[in-house]
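In what follows, a structure is listed as structure tokens, so that the remarks can point back to it.
The values are calculated or read from the model by the stated rules, or taken from the named source; none is laboratory data. Not measured: the values here are computed from a predicted model. Backbone-built Cβ (ideal geometry, glycine too); neighbour counts: all protein chains shown. Each accessible area value is taken on the protein alone, full model and side chains, heavy atoms only, with ligands, DNA and RNA left out. Shrake-Rupley method; radii C 1.70, N 1.55, O 1.52, S 1.80 Å.
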Amino acid sequence: MTDVRPRLSIKPSTEEVAMLVRDVMVAPVITVEPSATVEQVAKLFLEKQISAVPVLDGKGKLVGIVSEGDLLHRVEAGTERHRSWWLRILTESDTLAAEYVKSHSRKVSDVMTRDVITTSPQAPLHEVAAVMENNAVKRLPVLENGQLVGVVSRANLLQGLGGGAPHFGV
């Protein structure tokens, strides 16, 4: 008589578990206030090896984000935007004024991006990737109950793809 024992059968899961923002976001987050200077932010970027910081008001509310792109066209570096005379004629005066302020201002409040797209810790990474791509942004502040709890960047999405969560604070 042969002893027949049931074999353990492991079936692959047909239900994939989506990675969420909380799995790859960076926290705690380095932030600045609107009154910070462009010079302070540039030094912070270099010192911390980061490329953007959320801007919080005195109550901790997100009011903007400032990135390397916001500091790119600066008069101090000789990188301010120069338009040909005919393009200046065709460009709206509001646009020209905003570019002037952004290239000459010393305060973060004048150079930051105010219309910030945000996400939540519970958002699936595939949705965040689509939002980043559709809006041509490289990072999103992560808000929970109106409070900044992290930042997720394209690099963090790649870490999630590669299986490595971030182990550093930004």
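Rounded to whole numbers, the Karplus 3J(HN,Hα) couplings from phi for region 51-58 are 10, 6, 9, x, 10, 10, 6, x Hz, using 6.51 cos²θ - 1.76 cosθ + 1.60 with θ = phi - 60°, and x at Gly and Pro. Excluding ligands, DNA and RNA, the accessible surface per residue across region 120-166 is 54 Å² with a 1.4 Å probe.
Backbone amide hydrogens, once placed in the peptide plane, bring LYS107 within less than 5 Å of VAL38, excluding anything fewer than 5 places away on its chain.
In this rough spin-label picture, where each label sits 7 Å from Cα along the Cβ direction, the GLN122-ALA136 distance is 3.3 nm. Other residues whose C-beta falls under 13 angstrom from the C-beta of VAL152 contribute a net charge of +1, scoring Lys and Arg +1 and Asp and Glu -1.
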